[in-house]
Amino acid sequence: MALNKSHIARAHKIASELEAEGCSAMEAGVIISMALGIFMEGQPNSHRNLQPLAASMFEIAQKSFDALREGRNKEPGHA
């Protein structure tokens, strides 16, 4: 699954809110997981098998982490 850049600002807002509230990584993960479960339960034709979604979320989290880390480690003015 490709990253949709239009969602970056929304994801950053959620992450900033969790950080500002003092959530640990574990607490933030629990909140995000609960939100996914709540969201999916309300979707038409949804079912309890969340494994494909969890795998996709993990992949996106890794890509986002790597992209942010790479961007922060680059020197300004160097591509």
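Name the pairs whose Cβ atoms lie under 9 Å apart, with the first residue in the stretch 1-13 and within 17 Å of Ala55 (Cβ to Cβ), the second of a type in the set (D, E, K, R) and modelled with pLDDT of 75 or more, and 6 or more positions between them or separate chains?
From residues that are within 17 Å of Ala55 (Cβ to Cβ), the pairs are Met1/Glu59; Leu3/Lys63.
Does the stretch 44-58 include one or more residues that are within 17 Å of Arg10 (Cβ to Cβ) and without any contact (Cβ under 8 Å) to a residue 40 or more places away in the chain?
yes
Among the residues that make up the stretch 56-68, is at least one of them in a loop (DSSP other than H, G, I, E, B) and either within 23 Å of His7 (Cα to Cα) or at pLDDT 90 or above (or both)?
Within the stretch 56-68 (the criterion being in a loop (DSSP other than H, G, I, E, B) and either within 23 Å of His7 (Cα to Cα) or at pLDDT 90 or above (or both)), the answer is no, since none of the residues qualifies.
Can you name every residue in the stretch 7-24 that is over 15 Å from Ser64 (Cα atoms) and either in a helix (DSSP H, G or I) or of a type in the set (A, V, I, L, M) (or both)?
Across the stretch 7-24, the qualifying residues are Glu17, Leu18, Glu19, Ala20.
Here is a list of conditions, (1) at positive phi; (2) under 12 Å from the mean Cα position of the chain (by Cα); (3) of a type outside the set (Val, Ile, Thr), and Leu53 meets all of them except one; can you say which number that is?
(1)
The values are calculated or read from the model by the stated rules, or taken from the named source; none is laboratory data. Please read these numbers as outputs of a predicted model, since none were measured by experiment. Counting neighbours? That spans all protein chains shown, and the Cβs are built from the backbone with ideal geometry, glycine included.
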